[in-house]
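Let me begin by presenting the structure, written as structure tokens, before commenting on it.
The values are calculated or read from the model by the stated rules, or taken from the named source; none is laboratory data. All of these numbers come straight from a predicted model, not from anything done at the bench. Backbone-built Cβ (ideal geometry, glycine too); neighbour counts: all protein chains shown.
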Amino acid sequence: MKLNILRTDSKNPDFIALVKLLDSYLKTTDGDEHDFYNQFNNIDVLKHVVIAYKDNKPVGCGAFKPFNNVSVEIKRMFTRPEFRGQNIARTILQELENWAQELAYKNTVLETGKRQTEAVNFYNKCGYSIIPNYGQYKHMENSLCFKKELS
């Protein structure tokens, strides 16, 4: 089955539905820290959203927002559990990186939780390097921040 990729924005109803699934998943993994992290996940500011469709069903998403003049921050990466292990997240991330490059950004940064071991392994496999925690994540014990230089 072919994967179709759509570039859109945060007003897309399929993106909103996927983010609700992501948030309910994160509520269980983040535990007491969920409210802290959740305040930085407002999707209204996201103008660059990618949704993956399989058989016209939204199965995954991701987004980015400007971080500084040369970098974007990857946000809201999610693949529905029943579709994991099919390279959907990698395809979404690649599309986000391509889009960022088209807009002349040089790097991507992101934050994920140490307890999201699948995410940590995924970003390592995709060429991301751990960097010192930035911004609001600076003093968060559970946060891991990553960076990748776009070629």
*So which strands (runs of 3 or more DSSP E) are wholly in region 40-151 and hold at least 3 residues that are among the aliphatic types (A, V, I, L, M)?*
48-54, 71-79
_Out of THR91, THR117, THR108, THR112, I need the residue that is surrounded by 14 or more Cβ atoms within 10 Å (Cβ to Cβ), modelled with pLDDT under 95 and within 15 Å of the chain's Cα centre (by Cα). Which one?_
THR112
*asked:* Out of everything in region 132-151 that is within 17 Å of ALA100 (Cβ to Cβ) and exposed (fewer than 14 other Cβ atoms within 10 Å of the Cβ), what residue ends up being farthest from the chain's Cα centre (by Cα)?
replied: SER151
*Considering region 62-88 alone, what residues qualify as being touching a Gly at 6+ places or on another chain (Cβ under 6 Å) and more than 19 Å from LYS47 (Cα to Cα)?*
THR79, ILE88
